[in-house]
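Have a look at the structure below, then the notes.
The values are calculated or read from the model by the stated rules, or taken from the named source; none is laboratory data. Bear in mind that the values here come from a model prediction, so they are computed numbers and not experimental data. All Cβ positions, glycine included, derive from the backbone under ideal geometry; neighbour counts span all protein chains shown.
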Amino acid sequence: MKRFLAIAGVCVLLVPVLSARRRSVGPVFPATVAFGDPFAGLTTAEKARFDAGKVEFEQVETVASGLGPVFNSRGCGECHLAPAIGGGSERMVTRIGRMVDGKFDPLTEFGGSVLQARSIGELDDVPFDFQPELVPPEATIVTLRRTQPLFGLGLVEATPDSTFISLAAQQAVRDPSTAGRVHLVPNSQTGTLTVGKFGWKSQVATLFDFSGDAYLNEMGITSPGFPNENCPSGHCNELQFNPAPGLNDPGAGVQGLTDFQQFLGAPPRGTITAEVVAGEAVFNSIGCGTCHVGTLQTGTNPNPVFNRVNYRPFSDFLLHDMGSLGDGIEQGDAKGRDLRTAPLWGLRMITKFLHDARAKTIEEAIVAHDGQGRASRDRFNELNATDREHLLAFLKSL
């Protein structure tokens, strides 16, 4: 019998995700490529867009191109470089805030929730001595966030919002105690609220918005979608000394970054042994697969590269209450305890784990799970030596 559930004003048909995959008319899975390479099957024009976007991604910004006045990085490639361009790294960004009368305050008057730890005042050819931002004493919430890899995100963007809404509905039916929820966020291209898929709190809807946001908040590059400079430590009067006022990027740069991310191939899988297969069964038996969903499918797409393609991100891209593992920061409707389920594809190339890199091993990361992840953590702690060995072999194959 078919069942329906209304979520966020949408009537959702509750059917298994796998049932859609059986009707796939496109390739079963994307062809394997090396880390940092584009998807196989791109047209000559799409490959040219990827290459041009990669140049933009690797570009080192200068004061003349609009860097700053405060920033964290001089280019995307400074942070997204491991194990190849477009990957992650151990580079961290600091976020701050405080709670006032039960409401989150992003400390806008002190420069906002994202701390820009560098400034063009470090450079000799800047006459005004802009200063890097420091954590103000008013901040009672201070957390770090690790640079995330970008591999395969074009597949995530090509997955319909209805897929994530349906996943949340199915989880709510199966077990409300671990059910995730979609994060509806502004989409600058549609002017509506759509499902957030990107960022530690699914706070960004599209790769275009993700690119424009990073351009502004990490490099200080303004663009049509993000036209307002960050006031250094909240001192907006200092912007009169900004050597590159106005729009730094008319839009081509943001589009280039978007093209690079859209066409950047998915992480290749490691060797799959009998132990790895056994480990995936353990992974699902202790409940990890409830949130770290193994396989998703893109929607109908005019581009064959993204048309009804199955892919294996090991994430539902939903928000889950992670209890003490949360970072305390609120973004949109994502509360301080909420985090997006981190995709596990490419995990074997990560050197430090969790949003703040507190865990040095996969085991430490699992044991740190709390809130809606606590039950799976407890089952992990109860595994015998063989099952634990198989589980870790599986995770290290991703």
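Looking at Val126, Val204, just one residue is at pLDDT below 95 and in contact with a Phe, Trp or Tyr (Cβ under 9 Å, 6 or more places away or on another chain), and that residue is Val126. Among the candidates Ala385, Ala334, Ala342, Ala393, the residue that is among the hydrophobic types (A, V, I, L, M, F, W, C) and in contact with a strand residue (DSSP E or B) (Cβ under 8 Å, 6 or more places away or on another chain) is uniquely Ala334.
Of all residues in region 362-387 being without any contact (Cβ under 8 Å) to a residue 60 or more places away in the chain, among the charged types (D, E, K, R) and part of a helix (DSSP H, G or I), which is surrounded by the most Cβ atoms within 10 Å (Cβ to Cβ)? By that ranking, first place goes to Arg377. You will find that of His320, His355, the residue that is closer than 24 Å to Phe151 by Cα, touching a residue at least 60 places away in the same chain (Cβ under 8 Å), part of a strand (DSSP E or B) and within 16 Å of the chain's Cα centre (by Cα) is His320 and no other. Those strands (runs of 3 or more DSSP E) of region 81-162 in which at least 1 residues are without any contact (Cβ under 8 Å) to a residue 24 or more places away in the chain and of a type in the set (D, E, K, R), considering only elements entirely within it, cover 103-105. Within region 257-312, restricting attention to residues that are in contact with a helix residue (DSSP H, G or I) (Cβ under 9 Å, 6 or more places away or on another chain), of a type in the set (S, T, N, Q) and in a loop (DSSP other than H, G, I, E, B), which residue is nearest to Pro176 (Cα to Cα)? Per the criteria, the residue is Thr295. If you go through region 62-92 and keep only what is surrounded by fewer than 20 Cβ atoms within 10 Å (Cβ to Cβ) and hydrophobic (A, V, I, L, M, F, W, C), you end up with Val63, Ala64, Leu81, Ala82, Ala84, Ile85, Met92.
Do the conditions hold for Ser233, that is, is it assigned to a loop (DSSP other than H, G, I, E, B) and hydroxyl-bearing (Ser, Thr, Tyr)? Criteria not met by Ser233.
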